[in-house]
Amino acid sequence: MVALGFGTFARADRIFALERITGEERGDGRRTRVWIDGVADPLVASRTEATILRDMGQEAAIAGPELEEALDLARRLAAAADAGRVDLGDLGRRARRLLASTTPSA
């Protein structure tokens, strides 16, 4: 059994999809949509998808710090491009560091 929050539980072997709730819909105990086999509509969980995945024993499916750093790099690049001020030196350094952290050493 996996706790979804507010006294709601689901069998881990019956959960087949998790979706992060974003934007205006998120908040007040609304973090994740959980699709459960045999239930037509998704349940709304007050716990994050990462927490639910951990409870299901799926730690490997959780995004690591490299993904978070790559997403941050992409956000910064998009914002800088929109503002017309892309620092290619900084972008190159950060990209090389990120690639080095994800590439096995020879």
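None of the figures in this text is laboratory data; all of them are computed from the coordinates on show. Predicted, not measured: the structure shown is a model, and the values here were computed from it. Ideal geometry is used to build each Cβ from the backbone, glycine not excepted, and the neighbour counts take in all protein chains shown.
Between residue 81 and residue 55, how high is the FRET efficiency from 1/(1 + (r/R0)^6) when r is the Cβ-Cβ distance and R₀ = 35 Å? Nearest 0.05. It would help to have the intermediate numbers written out before the result.
Values: r = 39 Å, r/R0 = 1.12.
After rounding, the FRET efficiency stands at 0.35.
Note down the relative contact order for the chain as a percent, whole number, built from C-alpha pairs under 8 angstrom at least six residues apart. Working shown, then result.
Numbers: 109 pairs, mean separation 19.1, N = 106.
Worked out over the chain, it gives 18 percent.
Using semi-axes √(5λ) of the Cα gyration tensor in Å as the read-out, say which of [x] 35, 19, 9; [y] 39, 13, 11; [z] 27, 15, 12 was calculated from these coordinates.
From the options [x] 35, 19, 9; [y] 39, 13, 11; [z] 27, 15, 12, the structure gives [x].
Please give the FRET efficiency for residue 100 paired with residue 74, using the beta carbon to beta carbon distance and R0 = 22 Å, rounded to the nearest 0.05.
0.80
Per DSSP helix of 4 or more residues, -39500 (n - 2.57); summed, then divided by the residues of the chain. What does that give at 222 nm, rounded to the nearest 500?
Working: 3 runs with 41 residues, N = 106.
Using -39500 (n - 2.57) per qualifying helix, the result is -12500 deg cm²/dmol.
Using the Cβ atoms and a cut-off under 11 Å, what net charge is assigned to the surroundings of residue 31, where Lys and Arg are +1 and Asp and Glu are -1?
Working: positive: 20, 26, 30, 33, 47; negative: 19, 25, 28, 49.
The answer is +1.
For residue 90 paired with residue 17, estimate the spin-label separation in nm (one decimal), with each label point 7 Å from Cα along the Cα-to-Cβ line.
The modelled label-to-label distance comes out at 3.9 nm.
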